[in-house]
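Encoded as structure tokens, the structure appears first; notes follow it.
The values are calculated or read from the model by the stated rules, or taken from the named source; none is laboratory data. Treat the numbers as computed from the prediction; the structure is a model and nothing was measured. As a convention, Cβ positions derive from the backbone with ideal geometry for all residues, glycine included, and neighbour counts pool all protein chains shown. Heavy atoms of the whole protein, side chains included, go into the accessibility calculation; ligands, DNA and RNA do not. Shrake-Rupley method; radii C 1.70, N 1.55, O 1.52, S 1.80 Å.
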Amino acid sequence: MRVISCAGYYGTGSSAIVDYFSEFSCCFSFADYEFRFLHDPDCVSDLEYNLVENHNRNNSGYALKRYKRMVDFFAGNWLVKRYEPFFDNQWKKISYEYIDELTDFDYAGYWAYDVVDKGIPYYYACRIINKILQNTVWRNNRKRKIENNLNELPHERTLCSRPSEDKFLNATRKYVNKLLSVPNKDNLPYVMVDQIVPSSNLNRYLRYFDDIVVFVVDRDPRDVYYLAKYVWKVKLVPTESPEVFCRWFRYTHAHRLTEKVDESKVMYVQFEDMVLHYDDTMPRIREFCGMKESEHTQKFKYFDPKISIANVGAWRGKPELAAEMEVIANSLPEFLYKYK
């Protein structure tokens with residue numbers, strides 16, 4: 001089962017890749033719901049850092065607990081449906097099995113951050129009660145240098161984990177394969193999953209898969225700025241001024257100056273090319289995955305360049321934006337799309 005994924009820099013059009021591969025009969029698609037459990041904070045990549053790369057007697061087991069908390073969050077609830085329905089209600093079950101496989105042993109105990117996780121008020125209440133007891137009930141013990149402490153979490157367990165890199169990667173690949181296989185009831189040879197890897201530090205994340213190809217989609221910054229500020233009106237992209245936007249855009253792309261990726265697994269694509277030069281660009285994308293044109297059975301059903309063209313060069317023909325567009329053009333010349 002080959003995994004296909006896409007990544008971008010917010011608003012750069014990576015969902016076009018999702019839509020395109022959703023048109024193939026040989027591909028199971030999760031549609032455009034993002035699955036970020038490998039690279040979000042406290043998720044699998046952070047697990048590798050804390051368990052393998054920087055093992056610590058406290059941090060490592062605590063990292064497993066933090067991932068379990070993220071698993072519970074990603075699962076969703078009766079009010080907000082998140083991952084569980086996509087994985088046939090097995091998201092938590094399979095994720096808990098993964099956590100168990102990485103846990104060497106556990107014991108009754110806790111440390112300060114376990115108490116903090118119960119809430120800052122609870123943490124300080126315990127500190128106050130502990131200090132009162134040490135100065136009253138346990139006062140004589142203190143004089144004899146016998147330290148007593150309040151058992152704030154009597155049912156808490158500490159997890160211990162120190163896997164080798166090979167063990168961690170094998171467990172992670174098995175985990176990812178199991179998750180992505182569950183909804184693929186027909187055992188199709190391809191699975192399309194959105195944003196399962198980020199656009200940067202890709203070599204780290206490719207190791208979590210047996211077989212994956214990734215498309216990193218970029219876009220003219222003038223369109224990103226215009227759409228974010230005047231159409232989407234989102235706050236994830238800084239648009240209070242074109243100058244700040246340009247600093248942010250260059251900041252998000254800085255990895256491209258030094259990062260070398262496996263070009264047999266990663267392809268960089270320009271959104272404009274997918275729309276304006278569909279007949280030249282999309283066959284290259286299809287062939288990169290190893291698919292056949294005959295398997296493209298629902299062409300234009302989800303990704304139609306005649307519709308998407310409205311989002312290409314959307315900033316043009318708007319004289320009121322001239323000053324902002326000039327700032328972006330002068331600050332980010334190497335990222336501007338060269339219209340043919």
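Looking at (1) among the acidic types (Asp, Glu); (2) under 26 Å from residue 1 (Cα atoms); (3) surrounded by fewer than 17 Cβ atoms within 10 Å (Cβ to Cβ), find the lone condition where residue 106 falls short.
(2)
Within region 316-337, can you find the residues that are under 28 Å from residue 268 (Cα atoms) and among the aliphatic types (A, V, I, L, M)?
325, 327, 328, 329, 332, 336
Determine which member of the set 67, 49, 98, 107 is farther than 26 Å from residue 217 by Cβ and over 21 Å from the mean Cα position of the chain (by Cα).
Every option except 107 fails the conditions.
Can you tell me which residue within region 38-56, out of those that are part of a loop (DSSP other than H, G, I, E, B) and in contact (Cβ under 8 Å) with a residue 40 or more places away in the chain, is farthest from residue 163 (Cα to Cα)?
Filtering first and then ranking leaves 39.
Read through the list (1) modelled with pLDDT under 95; (2) more than 18 Å from the chain's Cα centre (by Cα); (3) open to solvent by 80 Å² or more (accessible area, probe 1.4 Å), then give the number of the only condition that residue 187 fails.
(1)
In region 233-284, which residues are surrounded by 15 or more Cβ atoms within 10 Å (Cβ to Cβ) and over 22 Å from residue 213 (Cα atoms)?
Scanning region 233-284 gives 237, 238, 239, 242, 245, 246, 248, 249, 250, 276.
When only residues in region 291-336 that are open to solvent by 50 Å² or more (accessible area, probe 1.4 Å), part of a loop (DSSP other than H, G, I, E, B) and not hydroxyl-bearing (Ser, Thr, Tyr) count, which is farthest from residue 274 (Cα to Cα)?
Per the criteria, the residue is 318.
Going by what's in this entry, would residue 123 be described as surrounded by 14 or more Cβ atoms within 10 Å (Cβ to Cβ) and assigned to a loop (DSSP other than H, G, I, E, B)?
So residue 123 does not fit the description; no.
How many residues are open to solvent by 70 Å² or more (accessible area, probe 1.4 Å) and touching a helix residue (DSSP H, G or I) at 6+ places or on another chain (Cβ under 8 Å) if we restrict to region 52-91?
So the count comes out to 1.
When you scan region 236-243, do you find a residue that is outside any helix (DSSP H, G or I), polar (S, T, N, Q), out of contact with any Ser or Thr (no Cβ under 8 Å at 6 or more places or on another chain) and modelled with pLDDT of 95 or more, even just one?
yes
Scan region 95-103 and give yes if some residue there is modelled with pLDDT of 95 or more and not in a helix (DSSP H, G or I), otherwise no.
Among the residues of region 95-103, at least one is modelled with pLDDT of 95 or more and not in a helix (DSSP H, G or I), which makes the answer yes.
Which of the residues spanning region 66-82 are at pLDDT 95 or above and in contact with a Phe, Trp or Tyr (Cβ under 8 Å, 6 or more places away or on another chain)?
68, 70, 71, 74, 75
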